[in-house]
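Everything on this sheet refers to the single structure shown next.
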Amino acid sequence: MYPLIRNRRLRQSESIRRLVRETTISPNDFLVPLFVVEGKSIKEEIPSMPNYYRMSLDTLQQEVKELWQLGLCAVLLFVKVPEKVKDIQGTEALNPDGLMQKAIKTVKSACPEMLVMTDVALDPYSSYGHDGIVADGQILNDKTNEILAEMSISHALAGADFVAPSDMMDGRILTIREALEDEGFHDTGIMSYTAKYASAFYGPFRDALDSAPVDIKNVPKDKKTYQMDPANRFEAIRETQMDVDEGADIVMVKPGLPYLDIVREIKNDVDVPVAVYQVSGEYAMLKAAAEKGWLDHNSVMMEQLIAIKRAGANLVASYFAKDVAQLLG
């Protein structure tokens with residue numbers, strides 16, 4: 001075949017490389033995670049996540065408008081609630097005037113067309129830092145599902161377009177879907193954290209929300225009884241098939257780069273959109289390496305995101321979203 005076929009002909013200039021490029025990145029690919037706190041005029045940097053912030057509602061309003069102007073069209077909301085409202089049942093999660101509910105309304109007021117997805121799990125509201133109800137040293141699956149369904153209805157009432165259960169309880173997608181249908185929220189979508197691994201990459205996120213499990217007697221010290229074992233591959237396929245059957249509209253793999261084999265497996269197996277969460281530890285590592293001068297920030301950032309999309313992601317939740325949109329200009 002050589003020299004009739006020379007693959008380098010398609011690499012010899014930037015113009016031809018752009019023309020035949022298989023994978024591209026645009027602002028349309030991103031969910032922007034946003035951290036919301038009580039107060040006014042707050043924009044406080046998260047120490048382990050340089051250039052990323054917790055924001056009060058008034059600051060959130062400004063941020064959402066800026067994101068929209070950059071072409072970013074979807075946000076994923078998380079809240080850091082005061083310690084005084086946390087309890088072992090996560091009661092504050094169901095407060096119709098709670099911080100999440102107010103955050104949803106703030107985003108929709110500032111930018112009605114912005115797609116709003118909401119985190120559905122109990123850890124931000126739990127004094128134990130767990131995604132579910134804790135009793136006798138166990139995470140209660142079915143009781144948790146009932147509360148997650150109530151949370152989802154509360155978020156839908158506030159104006160959420162999608163709820164995003166991140167808890168990894170068995171059967172929660174069906175419970176939430178049935179509850180939304182019963183309440184008439186037929187068009188409210190579910191993005192399921194389908195293959196969420198018990199990863200060591202979540203540390204900065206838990207700093208951001210103060211949601212790490214507490215070290216108390218008779219309380220599990222980690223989330224390994226409900227989040228997936230990082231060693232498992234086929235289990236992710238079972239989880240995904242079940243979530244799709246139960247009514248998930250989008251499925252997610254979390255974290256991103258260490259689990260691209262899982263992304264491809266799931267993409268090959270289902271017909272619904274696949275999301276990837278490029279998590280806080282992935283963000284923090286690149287920021288730290290770039291600060292040291294060890295890596296070129298923008299080049300590595302784009303290479304990481306291209307790898308995630310190339311593996312099969314339709315959309316990416318990433319703390320780099322704003323950086324990318326500004327870079328693409």
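Data table
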item	result
Subset tally (residues that are basic (Lys, Arg), in a loop (DSSP other than H, G, I, E, B) and open to solvent by 30 Å² or more (accessible area, probe 1.4 Å)) for segment 213-241	4
Residues located in segment 268-288, provided they are of a type outside the set (Ser, Thr, Tyr), out of contact with any helix residue (DSSP H, G or I) (no Cβ under 7 Å at 6 or more places or on another chain) and assigned to a strand (DSSP E or B)	275
Segment 289-311, residues that are part of a helix (DSSP H, G or I), open to solvent by 50 Å² or more (accessible area, probe 1.4 Å) and without any contact (Cβ under 8 Å) to a residue 24 or more places away in the chain	299, 303
Options 185, 201: the member that is over 17 Å from the mean Cα position of the chain (by Cα) and not charged (D, E, K, R)	185
Spans of strands (runs of 3 or more DSSP E) in segment 73-183 with at least 2 residues open to solvent by less than 40 Å² (accessible area, probe 1.4 Å) and over 22 Å from residue 46 (Cβ atoms)	133-135, 162-165
Count of residues meeting criterion [over 22 Å from residue 243 (Cβ atoms) and surrounded by 23 or more Cβ atoms within 10 Å (Cβ to Cβ)] in segment 184-200	0
Qualifying residues in segment 242-280 (those that are crowded, with 21+ Cβ neighbours inside 10 Å and among the small types (Gly, Ala, Ser)) - the one modelled with the lowest pLDDT	280
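The values are calculated or read from the model by the stated rules, or taken from the named source; none is laboratory data. No experiment lies behind these values; they were computed from the predicted model shown. Cβ sites come from the backbone with ideal geometry, for glycine too, and all protein chains shown count toward neighbours. To get the accessible areas, we keep the full protein, side chains included, count just its heavy atoms, and leave off ligands, DNA and RNA. Shrake-Rupley method; radii C 1.70, N 1.55, O 1.52, S 1.80 Å.
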